Amino acid sequence: MAETTAYTASIVVQLLANGDIQFRGVMPPERLGMLEPIFQKITTELKERHINLNTDMKNNICGVYTRGN
């Protein structure tokens, strides 16, 4: 897991650089995750890095499965 620590941060920086995130000022990461288009882009990029999320919004559970799990 240590190699995956910065994946999400680097994806967010790429989204900022590409203009996909247009907000100014400080925004907590939790707020970005609440925005469906941004959440979808982040999860898509994570999948390309073999990081899969299993979410159960009904029970408010999120699991992370990496490379072969």
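Computed from the coordinates by the stated procedures, all read-outs in this text should not be read as laboratory data. Note that the structure is a prediction, hence the values are computed from the model and not measured.
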(message) Could you derive backbone 3J(HN,Hα) for the stretch 11-20 from the dihedral phi with the Karplus parameters 6.51, -1.76 and 1.60 (θ = phi - 60°), listing whole Hz in sequence and x where the residue is Gly or Pro?
(response) 5, 5, 4, 5, 5, 5, 5, 7, x, 6
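State the extension gain, in nm to one decimal, for the chain segment bounded by MET34 and ALA9, taking 0.36 nm per residue of separation less the distance between their alpha-carbons. Please list the in-between numbers first.
Numbers: separation 25, 0.36 × 25 = 9.00 nm, distance 1.59 nm.
7.4 nm is the gain from fully extending MET34 to ALA9.
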